[in-house]
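Written below as structure tokens is the structure these notes are about.
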Amino acid sequence: MKERLNWREACEVLGCSKSTLYRLVANGQLRAFGVGSRGRWYSRTECERFVLDRYVTVLPKCVNSDGYLI
């Protein structure tokens with residue numbers, strides 16, 4: 001798998017739209033590299049980490065005291 005993703009590939013990893021991807025960058029939640037040129041790209045590692053961090057943040061709220069999803 002390649003590390004540098006274009007916006008379509010980044011959206012696929014993140015499971016979001018192009019406008020959401022750009023909003024994440026504008027809000028500082030995700031970095032874009034090569035900004036200002038036609039070579040803008042996103043890090044696969046950062047995209048995957050963002051998804052994992054969101055999952056870990058949401059998961060505890062969805063699990064009861066016995067460890068089952070609610």
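The values are calculated or read from the model by the stated rules, or taken from the named source; none is laboratory data. What you see is a predicted model, and the numbers here were worked out from it, not measured in a lab. No Cβ is skipped: glycine too gets one built from the backbone with ideal geometry, and neighbour counts run over all protein chains shown.
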Quick one: which of 14, 52 is touching a residue at least 12 places away in the same chain (Cβ under 8 Å) and either at negative phi or within 8 Å of the chain's Cα centre (by Cα) (or both)? 14
Return the pairs, sorted by first residue and then second, in which the second residue is surrounded by 10 or more Cβ atoms within 10 Å (Cβ to Cβ) and part of a loop (DSSP other than H, G, I, E, B), the first residue lies in the range 29-41 and is among the small types (Gly, Ala, Ser), the beta carbons are less than 8 Å apart, and the residues are 6+ apart or on different chains. 32/40; 34/40
Selection over the range 28-70 where residues are of a type outside the set (Val, Ile, Thr), outside any loop (DSSP other than H, G, I, E, B) and modelled with pLDDT under 65 yields a count of 5
Any idea how many residues of the range 1-55 are surrounded by 12 or more Cβ atoms within 10 Å (Cβ to Cβ) and small (Gly, Ala, Ser)? 3
